[in-house]
1. Would you kindly derive the ³J(HN,Hα) couplings of segment 431-447 from the backbone phi angles with the Karplus curve 6.51 cos²θ - 1.76 cosθ + 1.60 (θ = phi - 60°), listing them in order in whole Hz, with x for Gly and Pro?
2. Just by accessible area at a 1.4 angstrom probe, what is the order of F514, F115, F10 from largest to smallest?
3. How many nm is it between the label spots at R30 and K545, if each spot is 7 Å from the Cα in line with the beta carbon?
4. Taking a ≥ b ≥ c as the square roots of the Cα gyration tensor eigenvalues, with a/c under 1.5 meaning rounded and otherwise prolate when a/b beats b/c, else oblate, which class fits segment 426-551?
5. Pop out the ³J(HN,Hα) list for segment 256-273 in order, Karplus 6.51 cos²θ - 1.76 cosθ + 1.60 with θ = phi - 60°, rounded to Hz; leave Gly and Pro as x.
6. Per-residue accessible area for L412 at 1.4 Å probe radius, Å² rounded to 10?
7. Report ³J(HN,Hα) in whole Hz for each residue of segment 215-227, in order, from the Karplus equation J = 6.51 cos²θ - 1.76 cosθ + 1.60 where θ = phi - 60°; Gly and Pro get x.
8. Counting only heavy atoms of the protein chains, get the accessible area per residue of the chain (1.4 Å probe) and round it to a whole Å² value.
Amino acid sequence: MIVLEGKAVFEGIAIGKLFVYKKKEQTVKREKVQDAAAEIKRYEAAKDLAIEQLQALHEKAVKEVGEAGAEIFEAHQFMVDDGDYIDSVKNIIETESVNAEYAVAQTGDIFHNMFSEMDDEYFKGRATDVKDITERIINCLNGGSSGDIDSDEPVIVVADDLAPSETVQMDKEKILSFVTVHGSANSHTSILAKTMNIPAIIGCDIPLTEEVNGKLAIVDGFEGKVYIDPAQDVLAEKKKILQKEIDKKELLEQLKGKDNVTLDGQHINLYANIGNTKDLGLVLQNDAGGIGLFRSEFIYLGSDDYPTEEEQFAIYKQVAQTMAEKKVIIRTLDIGADKQADYFNLPKEENPAMGLRAIRICLTNPEIFKTQLRAILRASAYGNISIMFPMIISVEEVKRIKEIVEEVKKELDEIGLPYDKDIELGVMIETPAAVMIAEELAREVDFFSVGTNDLTQYTLAIDRQNQNLDEFYDAHHPGLLKMLKMIVDGAHKGGAWAGICGELGSDLSLTKEFLAMGYDELSVSPGRILPLRKVVLETDVSEYKKEKGNN
């Protein structure tokens, strides 16, 4: 038995044969050509085919993992069609009279190195994307197709690394788990794995040889271990854990329709986070009480230009009608930092995470803001909609926002369009500044929703996209937990209710703590609703508080 360790990015147990996945080797040779114009036409045809493939991948990914997980394939389409990339390829073909494959490979190396040497972690991460699209175009030039899983039974896929396109192209029915030598917890592949509920381990020094291929193995996503040729006692033990996981999922199905009430009578709302109307089926399927975070920025990120009022209205109306009387909280445009749309023409910033983003863009571009507010307000006539504003740091900001909302309401009144005149307004608490003035902010709004991802980042002074800082990133830091208690206390004192919509909300090890703090709502990915409900139903908050007091 061989035992290897790595970093688990999604929990679970997988037992099956190993399948060593290797990229199709593409040897690119430099060849002289007589007709540069014809070679450019070959390149353009391959480029168009690559875009078609990426569009098909995007549609497939949307169905399998939702709009957020599929976003990378839209980004890859833009990269394939990037003017600078195209100009570089054509220039190399024309000036050196070489074949298109060589020109594409050279351009890919240039752009890959350029991104790799950047200081910004976000742009550094784009180097992998450049490599992926370069290989795709070369593959199209060679008339090849991407590799897939050659197996009649579900397998544990092992690889050096996996590009998002490779992960999505694989037949999900054939994947039990994947293990990679490289990769990061925040990579697109890891995100896809989490969304697909596939146990996964990265950073594992597993040999990618024929000797390993086909061997029985166990992936333990709880411990971050891979067992090759496991001993019988280990195999028996892991099979028991796997069966418990299967039984647990079946039991969770029985929790549908139950109220989210603790043993001692405390109620909490469990809502879902979504990024697109295509995710609505998952919300209903998992019995969420509402939508606690509709990420409206994905409408902007998926457009080539500013989405119109009518385009946005149609989307918000569909969400409201689908959810009927259940609450739908729409977060206004949260763009900037790692979420960029070229047509916004945002300035390049040394520290974009602390730059012009989210509500700051809206307040400095009031017409863009008003267009979105008009669409949301109009849609509020068709369901139970609330509006939430991100990245708030002051009471003055909230007062200015409310003034703009009133201006938009007046405009709608003048043309006789209906809307919910008592629509709830809320703010996201994502900065230490907002924490410190929580009570004052609560007097201005109806609710809070804590964005724990950014709050953790700003509190710990750690870029959450920087994998080199993983060992320092502590989402359970006592300073952060104290802040979360301050937030809910401030909200209630100021007359507002409080929820959590960041990733920490789905951390089952903290659910009892959030109940004890007094949070009114947790909003998580749809698949986490039932596991959370189970913890809520089994918790006696008063007993938990007594136990904490005795420790």
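1. Working through the residues one at a time gives 10, x, 4, 5, 4, 5, 10, 4, 5, 5, 5, 4, 5, 9, 10, 8, 7 Hz.
2. F10, F115, F514
3. 7.5
4. On the way: a/c = 1.44, a/b = 1.06, b/c = 1.35.
Note, shape of segment 426-551 comes out rounded.
5. Karplus values, whole Hz, x for Gly and Pro: 4, x, 7, 6, 8, 10, 6, 4, 9, x, 7, 9, 9, 7, 10, 10, 10, 9.
6. Only protein atoms counted, so the area is about 0 Å².
7. Here the 3J(HN,Hα) series is 7, 5, 8, 10, 10, 9, x, 7, 9, x, 10, 10, 10 Hz.
8. Ligands and nucleic acids excluded, the result is 46 Å² per residue.
The values are calculated or read from the model by the stated rules, or taken from the named source; none is laboratory data. Source: prediction; values computed, not measured. For neighbour counting, all protein chains shown are included, and Cβ atoms are generated from backbone atoms with ideal geometry for every residue, glycine included. For the accessible areas, the whole protein counts, side chains as well, though only heavy atoms, and no ligand, DNA or RNA atoms are used. Shrake-Rupley method; radii C 1.70, N 1.55, O 1.52, S 1.80 Å.
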